[in-house]
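Visitor: Below are the structure tokens for one structure; questions will follow.
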Amino acid sequence: AEALGKIGSDKAVESLILALKDFDEVRWRVVDALVKIGSDKAVELLILALKNSYLSVRRNAAEVLGKIGSDKAVESLILALKDSDDDVRKNAADALVKIGSDKAVEPLILALKDSDDYVCWKASEALGKIGSDKAVESLILALKDSDQYVRRNAAEVLVKIGSDKAVEPLILALKDSDHYVRRNAAWNVRGKAADALVKIASDKAVESITLALKDSDQYVRRNAAEVLGKIGSDKAVESLILALKDSDHYVRAKAAESLGKIGSDKAVESIILALKDSDHYVRRNAAEVLGKIGSDKAVEPLILALKDSD
């Protein structure tokens, strides 16, 4: 197998494909050999091998097609996303990620509903890589899917594509019942909808997110407070000042932090009051933000804060 790969002759392709069902030590060399040959004939025969009765042949054929990277394989790899075997579907999804083609958009969106999480993840990765506007409308619909994993993946892909069409649907996604969709990236997990809004921010988005600061769910309010700081619009200042009195300490802390990022003098007096907040995290943020804004009004309160218990 190794020698045939070095020689690189088309004559070896058919025999090498049959050898894909051999044990691992051989199979790895066969895969390398087929990738090295990488001819049109190899691609054609590997496409046929995607329907082989041997699982190992189908799995490895999908893997090799991804490594060769030929557009000719896209339609067959799309069909392989429906294979009865999980590993075939995984390898086909991986291959589509590597190739990247507009032809794959619709089937990949359907693959977001696959029973295997890995296939869903790879489908979303492929869609993000392809980045086609064709995907946006279907992904927006996927944000309303009954399956939370589909919604998570759809939100993640819309982040990567970054289309203005997705702003309003992603604002609604901040109220999603699944915390992985709506929670903020500041927690270092899955703030997918929030991150997308930062990338594709508009005045329309700011207005809607400020309304989210009044949501009954604290996680939505947390998301909104942080996203407004990342966007950095003066239009959010008044709403963030009100959020400094929120019942949730994390919302108050994020509101203070966001006001610091926006840097508005209007917020100074309210942030000074936050230096006396019952939560030490809010007081820390307030002190830091007052330093960033740099107003003389904050000097005396900050001197008093030098005696804070924290």
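The values are calculated or read from the model by the stated rules, or taken from the named source; none is laboratory data. Predicted model, so just to flag it, every value in this text is computed and none were measured. Here the Cβ is made from the backbone with ideal geometry for all residues, glycine too, and neighbour counts use every protein chain on show. For the accessible areas, the whole protein counts, side chains as well, though only heavy atoms, and no ligand, DNA or RNA atoms are used. Shrake-Rupley method; radii C 1.70, N 1.55, O 1.52, S 1.80 Å.
Visitor: Only Cα pairs within less than 10 Å get springs; with that Gaussian network setup on the chain, which residue of 62, 12, 287 has the largest fluctuation?
Guide: Of 62, 12, 287, the most mobile in the Gaussian network model is 12.
Visitor: Okay, moving on. Can you give the Rg to Rh ratio for segment 121-177, taking only C-alpha atoms and Rh from Kirkwood?
Guide: Taking Rh as the inverse mean 1/r over Cα pairs, Rg/Rh reads 0.92.
Visitor: Still on this structure: With Cβ to Cβ distances under 9 Å as the rule, what net charge do the other residues near residue 88 carry (K, R +1; D, E -1)?
Guide: 0
Visitor: What number comes out for accessible area per residue over segment 1-85 if the probe is 1.4 Å? Units Å², please.
Guide: 54 Å²
Visitor: While we're on this one: Hey, with R₀ at 22 Å, roughly what FRET efficiency would residue 302 and residue 249 work out to, going by the Cβ-Cβ distance, to 0.05?
Guide: E between residue 302 and residue 249, to the nearest 0.05, is 0.60.
Visitor: So which residue, out of 132, 239, 146, gets the largest mean-square fluctuation from a GNM of the chain using Cα contacts under 10 Å as springs?
Guide: Fluctuation is largest for 146.
Visitor: Provide the FRET efficiency to the nearest 0.05 for the residue 216-residue 147 pair, computing r from the beta carbons and using R0 = 22 Å.
Guide: After rounding, the FRET efficiency stands at 0.35.
Visitor: Over 31 Å between Cα atoms, which of 144/266; 11/129; 41/98; 21/41; 144/204 qualify?
Guide: Over 31 Å apart, Cα to Cα: 144/266; 11/129.
Visitor: A further question on this structure: Counting only heavy atoms of protein chains, what accessible area per residue, in Å², does segment 206-263 have with a probe of 1.4 Å?
Guide: Averaged over the residues of segment 206-263, the accessible area is 40 Å².
Visitor: Rounded to the nearest 10 Å², what accessible area does residue 29 show when all protein chains are kept and the probe is 1.4 Å?
Guide: 100 Å²
Visitor: Segment 118-147 to segment 57-83: how many Å between their Cα centroids?
Guide: 19 Å
Visitor: While we're on this one: Provide the three semi-axes, in whole Å and in decreasing order, of the ellipsoid equivalent to the chain as defined by the square roots of 5 times the Cα gyration tensor eigenvalues.
Guide: 53, 19, 15
Visitor: May I ask you to give the percent of accessible area on the chain that is carbon plus sulfur, with a probe radius of 1.4 Å?
Guide: Carbon and sulfur atoms account for 49 percent of the accessible area of the chain.
Visitor: If R₀ is 41 angstrom, what is the calculated FRET efficiency for the pair residue 9 and residue 134, using the beta carbon separation as r and rounding to 0.05?
Guide: 0.55
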